[in-house]
Amino acid sequence: MKITLKIWRQKNATNPGRLVTYERDGVSADMSFLEMLDVLNEDLTTQGEEPVAFDHDCREGICGSCGVVIDGVAHGPQRTTTCQLHMRSFADGDTITVEPWRADPFPVIKDLVVNRGAFDRIIAAGGFVSVNTGSAPEAHATPVPKVDADRAFEAAACIGCGACVAACPNASAMLFTAAKITHLGALPQGQPERAARVVSMLDQQDAEGFGGCTNIGECAAVCPAGVPLETISQLNFDLRRSMTPSRRH
Amino acid sequence: MAIATQDRKTRPAGRTSVGLKVVMATTGVLFLLFLLAHSYGNLKAFAGQAAYDGYAEHLRTFGEPILPRSGFLWLMGVVLIVSVVLHVSAAVVLWQRAHRARSTPYVAFKPVQATLSSRTMRWGGLTILLFVIFHLLQFTTGTIQVGGSFDSPYQRLVAAFQVWYVVLVYALAMVALGMHLRHGIWSAVQTLGWSTRAREVPIKRTALVIALVIVVGFLAPPVGILFGLVK
Ligand code: FES
């Protein structure tokens, strides 16, 4: 395959970036998108140029480190992670634009790499359950109905890649936060901190500078983990309920 | 990765972005109820001058003698104006936040499933606001007079909509309103936390139907007048 790449190159957080064009020939349709970038980087290195920086780790769609905007869509044309995208999803002769996630709470570190520390701080604000230390509680001590377990598991599938933020016209992190609210809120262990959790996680999300959700639904449509849009309704429900005096913490 | 513990004080729930959205959703529900009532009143035009003017007079005497004359309309006006102020100021704050959240735009950005209605809420809302101001100047204060001045609300209505470009302006405004309602109704239900996976599609369909009913209901009298069905 012959393709033209337009890749966002940015030296560091402060330098302005720009799109740089690379003509590639002999790209195999069976390569993953990241392998295609690896080969580009090998060539750039032998030419004495700086390779393109991009995030990746597991390359099997579970860690959430990879993730770039390909032709205007987070993770590209398939609903999967960038590492699980293959060149067969493109046609010979295509021009492919590659950009980093664009959201001010996710500042660009270099080229396609952004700092997603804001997500860690949202989790630290309430995305946990408090348990006493000591020996682990017996797993069957607290029964969980199957439907609740399934719902929690579906929301817990979030890999924190940030595609929801990247795809949102408001650069909102609602799907990410809502996934954790739904996950923990569906389980008995999550109940004691439920009201406090939604307020502090949402407050942290706002403080990080993410936009507000306008229920457009782009987030769920690109989510590689399939976190559903209804989790956002669940977050909204929990927040409204936390405002009723009897449930205040 | 080590994370510093949070020492900032958490703001109350109502001050979060979702708190602002709840304000927008609630005021939006009030607007919707008002629009349905308003549209119903307009349709009296098809029943003739006596019915239409009678309805207009009834609105003024509604609640008497507990309320003074026009008391009900005043009360409603105050509620609506306060709602507009709340709705618009919350929208402005959220608009600014969203704007700051992505100061560098994408070179290429392709929405996957977003409707045009969902992506034009802010400019559409602004269009509706400007239209409402014009509409009030025309029919409430009478500052803008089209086709002469009349004591009868019915005659004022008929005279105004015999002019084609007035009908056109209203038609465009109603398209903006319909689009705003189509996404707004769904968005309000989701924001109030009443949507679920199973309800999502029915809610969106219902929102579309309500939006269409309101647009058709509002446009029927002006179009009827323009084509001489109502004289
Ligand atoms: S590299 Fe781990 S999900 Fe893509």
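What follows is calculated from the coordinates using simple rules that are stated; it is not laboratory data. Model, not experiment: these values are computed from the prediction. Every residue, glycine among them, receives a Cβ derived from its backbone with ideal geometry; neighbour counts consider all protein chains shown.
On a straight-distance basis, which aspartates and glutamates could pair with A:K11 in a cross-link, Cα separation under 20 angstrom, same-chain partners fewer than 8 positions away excluded?
A:D38, A:E42, A:D43, A:E49, A:E50, A:D55, A:E99, A:D104, A:D111
If you place +1 on the Cβ of every Lys and Arg and -1 on the Cβ of every Asp and Glu, how big does the dipole about the Cα centre of the protein assembly as shown come out, in debye to the nearest 20? Before the final figure, lay out each step's value.
Details: 43 positive and 36 negative charges, 355 e Å.
The calculation lands at about 1700 debye.
Provide a whole-number value for the mean count of partner chain Cβ atoms within 10 Å of the Cβ atoms in peptide A:181-188. Walk me through the numbers on the way to the answer.
On the way: counts 0, 0, 0, 0, 0, 0, 0, 0.
Per residue, the number of nearby Cβ atoms from other chains is 0 on average.
When the distances between all Cα atoms of the protein assembly as shown are binned every 10 Å from zero, what whole-number percent does each bin get?
Computed distribution, short to long bins: 4, 17, 23, 20, 16, 11, 6, 2, 0, 0.
Calculate the translational D of segment A:132-238 in whole µm² s⁻¹ from Stokes-Einstein, where the hydrodynamic radius comes from the Kirkwood formula applied to all Cα pairs, the temperature is 20 °C and the viscosity 1.002 mPa s. Write down the numbers at each step before the final one.
On the way: Rh = 14.5 Å.
My calculation gives 148 µm²/s for D.
Only four residue types carry charge here, +1 at the Cβ of Lys and Arg and -1 at the Cβ of Asp and Glu. Report the dipole size of chain B about the Cα centre in Debye, rounded to the nearest 20. Mind showing how you got there, number by number?
Details: 21 positive and 6 negative charges, 238 e Å.
Dipole of chain B, to the nearest 20 debye: 1140 debye.
Per 5 Å bin, what is the whole-percent P(r) computed from every C-alpha pair distance within segment B:123-231?
Binned Cα distances yield the sequence 2, 12, 18, 19, 16, 12, 9, 6, 5, 2, 0.
Looking at this model, which pairs from A:K110/B:K110; A:K146/B:K110; B:K204/B:K231; A:K6/B:K204; A:K6/A:K110 are more than 27 angstrom apart at the alpha-carbon? Numbers along the way, then the final one.
Details: A:K110/B:K110 23 Å; A:K146/B:K110 38 Å; B:K204/B:K231 38 Å; A:K6/B:K204 38 Å; A:K6/A:K110 16 Å.
Result: A:K146/B:K110; B:K204/B:K231; A:K6/B:K204 exceed 27 Å.
Under 5 Å between amide hydrogens, which residues at least 5 positions from A:V114 or on another chain qualify, with H placed 1.01 Å from N in the peptide plane?
The list, which skips near neighbours in sequence, is A:I109.
For segment A:3-110, report the convex hull volume of the alpha-carbon atoms normalised per residue, in Å³, without decimals. Before the final figure, lay out the partial values.
On the way: hull volume 11.2 nm³, N = 108.
It comes to 104 Å³ per residue, whole-number rounded.
Helix B:121-139 versus the longest principal axis of chain B: what is the Cα-based angle in degrees, 0 to 90, to the nearest 10?
It works out to around 20 degrees.
Helix B:197-226: angle to the longest alpha-carbon principal axis of chain B, degrees 0 to 90, nearest 10?
30 degrees
Cα extents of chain A along the three principal axes, largest first, in whole Å?
65, 37, 37
Hey, what's the Cα Rg ratio for chain B versus the globular rule of thumb, 2.2 N^0.38 Å? Please list the in-between numbers first.
On the way: Rg = 21.2 Å, N = 231, 2.2 N^0.38 = 17.4 Å.
Normalised Cα radius of gyration, chain B: 1.22.
Counting partner chain Cβ atoms within 10 Å of every residue's Cβ in B:18-25, what's the average?
Values: counts 15, 7, 2, 6, 4, 0, 2, 3.
Mean partner shielding for this stretch: 5.
Can you give me the C-alpha center-to-center distance between segment A:113-175 and segment B:176-202, rounded to a whole angstrom?
So the separation of the two Cα centres works out to 26 Å.
Along the charge dipole of chain A, which of A:A156, A:P100, A:N236 sits closest to the positive end, that is, farthest toward it, with unit charges on the beta carbon of Lys, Arg, Asp and Glu (+1, +1, -1, -1)?
It is A:N236, whose Cα lies furthest towards the positive end.
Just how far, in whole angstrom, is segment B:100-169 from segment A:1-73 if you go by their alpha carbon centroids?
Distance between centres, Cα-based: 46 Å.
Among the aspartates and glutamates, which fall within straight-line cross-link reach of B:K44, defined as a Cα-Cα distance under 12 Å, with same-chain neighbours fewer than 8 residues apart omitted?
Partners found: B:D53.
Based on DSSP H runs of at least 4 residues, each adding -39500 (n - 2.57), what is the mean residue ellipticity at 222 nm of the protein assembly as shown after dividing by all its residues, to the nearest 500 deg cm²/dmol?
On the way: 16 runs with 242 residues, N = 480.
The helix-only estimate for the protein assembly as shown comes to -16500 deg cm²/dmol at 222 nm.
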